[in-house]
Amino acid sequence: MNFAWFRYLSQMAPWLTILLIAVLFVFLQGSLAPVPSLLFDLPSAGAADSAQPGLVALLIPGDMEGSESDGTLVYFDDARYVMSDRASLDEFSSRLGERAIETKCGVLTLLSDRRVPAGDIMKIMSLAKAARLLHVQLAEKRD
């Protein structure tokens, strides 16, 4: 009997094993290393039955791990604003007024993380009032 193919396979086995282990590491690379991320505790965007959809602002604390800012961050109309920066807050206020006029909408919905200070939420509400928005809705997360 000719067992040359068996001898050839037995010589190649260590190299095939190394190749298979390398392929396994490549496929598992994403699930083995933890990805740095931030965890937010945000409410759903559902509004009351009588409310009409309008402008939405997202508020998250800026002093979280991985964030370069120390004030509350406001995401509105595809832009980021920092509450601790006066120029950024003025820019947010003017953009909020422009969008309220453009959309002819009098409703601002605030989606806020639980760790955002109440003072920052009140500041956003006063900016909304200055922008002539009629209603400010605070979305809540129901557990």
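Throughout, read-outs are computed from the coordinates displayed, never taken from laboratory work. None of these values were measured; they are calculated from a predicted model. Virtual Cβ from ideal backbone geometry, glycine too; neighbours counted across all protein chains shown.
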- How would you rank ILE18, ILE60, going from fewest to most other Cβ atoms within 10 Å of each one's own Cβ? ILE18, ILE60
- Item | Extension reserve of the TYR8-ARG115 stretch, reckoned as 0.36 nm per residue once the Cα distance is removed | 32.0 nm
- By counting other Cβ atoms within 10 Å of each Cβ, how are PHE92, PHE76, PHE27 ranked from fewest to most? PHE27, PHE76, PHE92
- Residue exposure sequence - ASP120, ASP90, ASP78 - by fewest surrounding Cβ within 10 Å: ASP78, ASP90, ASP120
